[in-house]
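One structure is given below, encoded as structure tokens.
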Amino acid sequence: MRLLLVFSALMMLSACSHTINFRANHFATPIVGDTQWSGHLAAAGTSSTNITVVNNYTTNPPIRTSVEVNSNADATDLLMLNNVGFDASLSIAKSLEVYLDNALFGLRWQILNHASTGDAWVAALQGAYGTKNKTSSESDNNTSTVTASATSDVKSSQVGASVGYKTSGVVPYLSYIHETHDVKTTVTNNNITFGPYDDHGVHDYFSVGLTSAGKGFRVAIEYSMITINWDRADKAYQNAIGGKIGIAW
């Protein structure tokens, strides 16, 4: 019996899972550039949420017992040390900007006190959509030939709102984002194709942050509490912290 348990543990450790990484901080600020064509560019270091949609893609058929949330995450995933992305925004009209949040492209509309010069409450609404893909593969050690692979096409959308208080230099804020993910995965194993498999998940972000305002140096820090709901998985929670640094004009 002990030998069987050891063998089972080794099989679990050697299983090749297919995991998709999602950004855990979004910096949904309640301000838009004061003038047309103002904007910012920044590098963002954030935590990540790891979603495993195929538990082992090297078996025939692939094993899909459940969706796993952060089951293979380590400290670098959860402490923003291993997930650096790109943020950008550009004001295209009064109180309206387009923004880029890694793979998401959207619109943000400041609905309260746009371009205020004194201390004032500010608020904004936003929505975005984006796609990405992720491939995992296993190769023969002798020939480097791929023997099994899993590829996921991911479609994500988000809506959100934020409110804060703008001073001459900084804006503390609270934000909420509702984000949905639809994943379609195909597995190829020894020239046999399985799938496509469909998975659906919802992430709700409740965040508090602080961002600089105005032109020049741009810096922000944010803490998020995330509620994570995926089909075929138990409800999960995650605490995340992220920061970004860049330039605004």
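In region 128-156, the residue that is farthest from the chain's Cα centre (by Cα) out of those that are surrounded by 14 or more Cβ atoms within 10 Å (Cβ to Cβ) and of a type in the set (Val, Ile, Thr) is 147.
Listed conditions (1) in contact with a Pro (Cβ under 8 Å, 6 or more places away or on another chain); (2) of a type outside the set (Gly, Ala, Ser); (3) under 26 Å from residue 35 (Cβ atoms); (4) surrounded by fewer than 21 Cβ atoms within 10 Å (Cβ to Cβ) are all met by residue 194, apart from (3). Right, residue 133: at negative phi, out of contact with any helix residue (DSSP H, G or I) (no Cβ under 9 Å at 6 or more places or on another chain) and part of a strand (DSSP E or B) or not? Here the answer is yes, as residue 133 does meet what is asked. Restricting attention to region 204-231, the residues that are over 21 Å from residue 45 (Cβ atoms), among the charged types (D, E, K, R) and touching a residue at least 60 places away in the same chain (Cβ under 8 Å) add up to 2.
Inside region 83-108, can you point out the residues that are surrounded by fewer than 18 Cβ atoms within 10 Å (Cβ to Cβ) and farther than 18 Å from residue 43 by Cα? Scanning region 83-108 gives 92, 93, 94, 96, 107.
Where strands (runs of 3 or more DSSP E) sit wholly within region 1-103, those with at least 3 residues that are at pLDDT below 95 occupy 84-93. Selection within region 157-189: residues that are under 22 Å from the mean Cα position of the chain (by Cα) and of a type in the set (D, E, K, R). The member of this set that is surrounded by the fewest Cβ atoms within 10 Å (Cβ to Cβ) is 182. One residue stands out among those in region 207-232 that are within 18 Å of the chain's Cα centre (by Cα) and surrounded by 17 or more Cβ atoms within 10 Å (Cβ to Cβ): the one that is farthest from residue 175 (Cα to Cα), which is 230.
Only a single item in (1) of a type in the set (A, V, I, L, M); (2) at pLDDT below 95; (3) touching a Pro at 6+ places or on another chain (Cβ under 9 Å) is not met by residue 122, and it is number (2).
The values are calculated or read from the model by the stated rules, or taken from the named source; none is laboratory data. None of these values were measured; they are calculated from a predicted model. Neighbour counts are summed over all protein chains in view; Cβ atoms, including those assigned to glycine, are modelled from backbone coordinates with ideal geometry.
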